[in-house]
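Data block below; observations after.
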Amino acid sequence: METYCRYDTNREGEDTILEFDCKDCPYSPSIEENPQCMRAVLRAIGENDSATRIVLKKTRDYEYGFHQTVMLSEVVSLYEHLNRNRQLTSFLNLSPSPNQPFQEVMDYFMRFKKIISDTILEDPVGAYVRLTRLQREINILLRKSTQEQKNKFVEELHKEVEYVIGKLKNTRLIIAAQPYLPGMKQGDREIYTKIFNPSVKPDFMYTKLMAAYPQGGNPVDSYTLKDGTEVTIFDFPDSVLKMYHIYPPEFRLSEEKYELLDTARNVISEHKPSREDFIDPDRMRDVFFHIGKGLLEELANHRGLQLKDKEINELAKILVRYTVGFGLLELLLNDPGIQDVVINSPQGRISVFINHQDHQDCNTNIIPTINEAESWATKLRMISGRPLDQANPILDTEIKLDEARARVAVISSPLNPTGLAYAFRRHRGKPWTLPLFIKVNMINPLAAGLLSFLVDGSRTMLVAGTRSAGKSSLLGSLMTEIMRRVRIITIEDTLELPVGSLRDLGFNIQSMKVAAALTQGSSEVPADEGIRTTLRLGDSALMIGEVRSTEARALYEAMRVGALANVVAGTIHGDSPYGVFDRVVNDLEVPRTSFKATDIIVVANPIRSSDGLHRWRRVTQITEVRKDWENDPLAENGFVDLMKYDSDKDELLPTSDLKHGDSEILKSIASNVKEWAGNWDALWQNIQLRAKVKADIVKVSDQLNNPELLEAPFVIRSNDEFHKICDSITQKRGKLNVKEAYKEWHDWLMKESKKERWKPGVKI
């Protein structure tokens, strides 16, 4: 093999990489399976003792990382030490004494010499095993020999064998091999497959994948994604961190298809997408898909490959993913179980980390390269139109994929001295709804009914919580409760709210994108100016993606102007109502009197298990802000909980204030409705009716095993029908008959739910 083993030495950051060109090599490029390959790699390491990574390039790239390279380097160092050791070298140049049975001693000597000069480079574990066996045989010989028969040469041979065994035994490779040594057969290389696990990267990819299952891992969950990607979750007896292991369809392709994709990628990569292409990513991906499909068909015909339309389509999707897309990262973001993806620097050594809804924080078998990280940064600059450079080392933007949307935060130098780092916050491709939140126990039906009532009552609301609490998702679900006849204006610095989906569902909605708080040198309009602009755009419901900075004053101006017209709502960081007050008044410098424009604070926080290993999202408080306090709402009873989380029952429960009708905000809503004014029972029945409606959608969805009933298209239709039924009965009877309204709506639900099309196995 060494005749074919041309290699280059490349530098990548602090790494020295030995890249072997194995395209013409008749052997498989595998250190663990191929002794010739191991010998060639070890000799190359001997010529480049600073090597930190080994890459064998054929149709795929097989990369052995730093720790595996260190194992090999130790073997090379030992080999060179043994060959430089004058005493050992002198001994190997001696001949056995004829005083011993010459042939037997000569056999031991030649075996030892071959192990030292040859076997140790192509099979170091085998060399160790052979030396230990040789040592036992020499011991037997010495025990059998009489004092007169023993000579200095045999004793010296025994001493040198023992010396080499001791050196080998202390190497990382032999230490790692110890559990697998009993019963090992001579020439068997299976033991190396348990120690060496290269990452694999086809030529058309940048990202590396540890395709083999992790040693010592115990599979605890597995499922297959929509695109055919196989996901397996492993836990380990010595770690609290699980591994999220993916095996995508592109790793199951034949060699002919790999070569086809590689050629097609090289052709398509000549076209560099412009900023204009990224303005409409969906259209761009569609265009590149059809271009790629035509190119793949042409290349397949030219090479005589007979591929079906389904195969061409699959290859075209993969091609788009690794040209204008985000590679393996897209597979992670299209997994509905993943909530966050974190990519730390420096790239090339560190695997991607994810947060999973069922398994919490996990390591993965994906290792991005520097080239991949830089490619993502370029695409994100074009998508956002925002800078990412020395003067602007922070970039906040968003990406949209087939099955999901994600908010992206990037940091680069000089803020990040080791390169580029990314954090992706995944959002569902479809909007969240209140029934979906009931399904996952974030709220209960009564909380859903109360929130629906408050939205219809045109209240001002802040959805508060810590990071990853689900604030934006909950705000998006409240948007589905707004009647479609009402115009909605959204203001965001990073587009997370489901504007596109709601627009497709017939909502009258206008999105405004404003400058991020940390962005400098951008042409975007500041957030506070964007909010004030909405006040000149007519009567509208106003949704603020997140209240972060100077826009807080403008938001409260909008709240005070729009409190009795339409709902005004936004998200803000804070773990309690007082935490929100403290942030708004003390940090964002909104006057205390202006803060009273807040009607409702909804607090969502992660609930953790006592062992710290599990976490669940829950709404923990729905609190009204009263108006008869002066300085401190907490001390002056300005905060009144309407619902409060009970940890024993794991449920949001109504407080006595809500049950007894002691709510100024709800009374204020009632004062504007003829049949509710002074009639708490009628108002409470309406909230309970809404709660029952939301609960029934979840119940029927479970009964029919039809998760599509929980999605926005059906929930919005249900809301429309609910309002029409209530209006019809009120017009006919002079007031709303709750039982009659529920019966009519439930009849509609049972009829329409059976028409709704769905696909089994859809995961929320």
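The values are calculated or read from the model by the stated rules, or taken from the named source; none is laboratory data. Keep in mind that what you see is a predicted model, and the values were worked out from it rather than measured. All Cβ positions, glycine included, derive from the backbone under ideal geometry; neighbour counts span all protein chains shown. Just the protein is used for accessible areas: all its heavy atoms, side chains included, with ligands, DNA and RNA removed. Shrake-Rupley method; radii C 1.70, N 1.55, O 1.52, S 1.80 Å.
Can you pull out the residues in region 350-376 that are among the hydrophobic types (A, V, I, L, M, F, W, C) and either assigned to a loop (DSSP other than H, G, I, E, B) or over 17 Å from the mean Cα position of the chain (by Cα) (or both)? Listed by number, the residues that qualify are 350, 352, 370. Counting only helices (runs of 4 or more DSSP H) wholly contained in region 636-754, no element carries 2 or more residues that are among the small types (Gly, Ala, Ser) and in contact with a strand residue (DSSP E or B) (Cβ under 8 Å, 6 or more places away or on another chain).
For residue 10, indicate whether it is in contact with a strand residue (DSSP E or B) (Cβ under 7 Å, 6 or more places away or on another chain), over 30 Å from residue 155 (Cβ atoms) and either at pLDDT below 90 or not β-branched (Val, Ile, Thr) (or both).
Working: in contact with a strand residue (DSSP E or B) (Cβ under 7 Å, 6 or more places away or on another chain): yes; over 30 Å from residue 155 (Cβ atoms): yes; either at pLDDT below 90 or not β-branched (Val, Ile, Thr) (or both): yes.
The answer is yes for residue 10.
Go through 160, 156 for me and flag whichever is open to solvent by 20 Å² or more (accessible area, probe 1.4 Å) and farther than 30 Å from residue 353 by Cα.
Values: 160 fails: open to solvent by 20 Å² or more (accessible area, probe 1.4 Å).
When all the criteria are applied, what remains is 156.
Here's the yes/no breakdown for (1) touching a Pro at 6+ places or on another chain (Cβ under 8 Å); (2) open to solvent by less than 20 Å² (accessible area, probe 1.4 Å); (3) at positive phi:
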{"position": "606", "(1), (2), (3)": "no, no, no"}
{"position": "628", "(1), (2), (3)": "no, no, no"}
{"position": "638", "(1), (2), (3)": "no, yes, no"}
{"position": "646", "(1), (2), (3)": "no, no, no"}
{"position": "664", "(1), (2), (3)": "no, no, no"}
{"position": "694", "(1), (2), (3)": "yes, yes, no"}
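Selection over region 574-604 of residues that are touching a residue at least 40 places away in the same chain (Cβ under 8 Å) and open to solvent by 40 Å² or more (accessible area, probe 1.4 Å) gives a count of 2.
Among the residues of region 428-435, is any open to solvent by 20 Å² or more (accessible area, probe 1.4 Å), farther than 15 Å from residue 475 by Cα, touching a strand residue (DSSP E or B) at 6+ places or on another chain (Cβ under 7 Å) and in a strand (DSSP E or B)? No; the residues of region 428-435 include none that is open to solvent by 20 Å² or more (accessible area, probe 1.4 Å), farther than 15 Å from residue 475 by Cα, touching a strand residue (DSSP E or B) at 6+ places or on another chain (Cβ under 7 Å) and in a strand (DSSP E or B).
Yes/no per residue for (1) touching an Asp or Glu at 6+ places or on another chain (Cβ under 6 Å); (2) farther than 25 Å from residue 368 by Cβ; (3) open to solvent by 30 Å² or more (accessible area, probe 1.4 Å); (4) at pLDDT below 95:
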| residue | (1), (2), (3), (4) |
| --- | --- |
| 43 | no, yes, yes, yes |
| 58 | no, no, yes, yes |
| 61 | no, no, no, yes |
| 64 | no, no, no, yes |
| 70 | no, no, yes, yes |
| 76 | no, yes, no, yes |
| 81 | no, yes, yes, yes |
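For region 447-494, the candidate set comprises residues that are small (Gly, Ala, Ser), without any contact (Cβ under 8 Å) to a residue 60 or more places away in the chain and open to solvent by less than 10 Å² (accessible area, probe 1.4 Å); within that set, the residue that is farthest from residue 695 (Cα to Cα) is 476.
Looking for something of a type outside the set (Val, Ile, Thr) and touching a helix residue (DSSP H, G or I) at 6+ places or on another chain (Cβ under 9 Å) - is there at least one such residue anywhere in region 364-374? Give the derivation first.
Kept after step one, since they are of a type outside the set (Val, Ile, Thr), are these residues of region 364-374: 365, 368, 371-374.
With the extra rule that they be touching a helix residue (DSSP H, G or I) at 6+ places or on another chain (Cβ under 9 Å), the set shrinks to 368, 372.
Taking every residue of region 364-374 in turn, at least one turns out to be of a type outside the set (Val, Ile, Thr) and touching a helix residue (DSSP H, G or I) at 6+ places or on another chain (Cβ under 9 Å).
Does region 119-126 contain at least one residue that is crowded, with 21+ Cβ neighbours inside 10 Å and acidic (Asp, Glu)? Yes - at least one qualifying residue is present in region 119-126. Of note, residue 406 does not satisfy the criterion of being among the small types (Gly, Ala, Ser), in contact (Cβ under 8 Å) with a residue 60 or more places away in the chain and either over 16 Å from residue 472 (Cα atoms) or part of a helix (DSSP H, G or I) (or both).
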